[in-house]
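The values are calculated or read from the model by the stated rules, or taken from the named source; none is laboratory data. Worth saying up front: this structure is predicted, and the values here are computed from it rather than measured. Glycine gets a Cβ as well: all are built from the backbone with ideal geometry, and neighbour counts include every protein chain shown.
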């Protein structure tokens, strides 16, 4: 009888420990998502990026309050994401922040995020163009990153308000093909067929009168590249 009681207690403790472990894992998975009430470095990064792009007007204080939540929702709506105000994996990727809270500058996970986002930009903007033209489109994004007149991250440049039509029409969310991925990688590796261009446009579809005023430096396929 005593052995049975001891065995029963052992089973109870094992089950209790397992349930406690599952609850801990569940809570941890919730905590990695920045949401209303969160604080910390990741929240500061979110605020900084969204402030650069005009979505957030408050102080960069690392507190995920109502103003930050609204800014995240506005960013999500503008970029075809579920506007729940929670900075989940897809939202963080779009902002250019890894899920671990690291910035997109010089980190392996961020490099992967940059490649994915840049590939999607190339696919949306230049699929069907010759390969060198696709690399040139990617290079324009990176030239802007290096310019003091634009945001200093790939995500910042691509998601800058009004910068690229594919962000506005949702094509940025399409899955890129191997050609677009390769073109983006070549640009990230340093190839710049655009020769330092900061803009490009298709004269057959461009509607902005401003873009026609830019100095054209070369033409590749259907795109004119300019500074």
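For segment 30-49, a residue qualifies if it is part of a helix (DSSP H, G or I) and touching a residue at least 24 places away in the same chain (Cβ under 8 Å), and the qualifying residues are 41, 42, 43, 45, 46, 47, 49.
Going by the conditions given, is residue 168 surrounded by fewer than 19 Cβ atoms within 10 Å (Cβ to Cβ), over 24 Å from residue 48 (Cα atoms) and out of contact with any strand residue (DSSP E or B) (no Cβ under 6 Å at 6 or more places or on another chain)? Criteria not met by residue 168.
How many of the residues in segment 50-73 are within 16 Å of residue 162 (Cα to Cα), in contact (Cβ under 8 Å) with a residue 24 or more places away in the chain and touching a helix residue (DSSP H, G or I) at 6+ places or on another chain (Cβ under 8 Å)? Here the count works out to 3.
One residue stands out among those in segment 199-222 that are buried (at least 18 other Cβ atoms within 10 Å of the Cβ) and touching a helix residue (DSSP H, G or I) at 6+ places or on another chain (Cβ under 6 Å): the one that is farthest from residue 165 (Cα to Cα), which is 220.
Among the residues of segment 140-167, those identified as in contact (Cβ under 8 Å) with a residue 60 or more places away in the chain and touching a helix residue (DSSP H, G or I) at 6+ places or on another chain (Cβ under 8 Å) are 151, 153, 155, 156, 159, 161, 167.
Of all residues in segment 190-227, those satisfying the criterion of being part of a helix (DSSP H, G or I) and free of Cβ contacts under 8 Å to residues at least 12 places away in the same chain are 212, 213. The residues of segment 77-102 that are at pLDDT 80 or above, assigned to a loop (DSSP other than H, G, I, E, B) and in contact with a strand residue (DSSP E or B) (Cβ under 9 Å, 6 or more places away or on another chain), listed by number, are 86, 88.
Scanning segment 117-125 turns up no residue that is at pLDDT below 95 and surrounded by fewer than 20 Cβ atoms within 10 Å (Cβ to Cβ).
When the test is whether a residue is part of a helix (DSSP H, G or I) and not assigned by TED's automatic domain parsing to the domain that holds residue 80, residue 163 does not pass it.
One residue stands out in segment 171-189 among those that are in contact with a helix residue (DSSP H, G or I) (Cβ under 9 Å, 6 or more places away or on another chain) and assigned to a loop (DSSP other than H, G, I, E, B): the one that is surrounded by the fewest Cβ atoms within 10 Å (Cβ to Cβ), namely 175.
Only one of these is crowded, with 17+ Cβ neighbours inside 10 Å and either touching a strand residue (DSSP E or B) at 6+ places or on another chain (Cβ under 9 Å) or at pLDDT below 75 (or both): 32, 72, 4. Name it.
Of the residues listed, the single one that is crowded, with 17+ Cβ neighbours inside 10 Å and either touching a strand residue (DSSP E or B) at 6+ places or on another chain (Cβ under 9 Å) or at pLDDT below 75 (or both) is 72.
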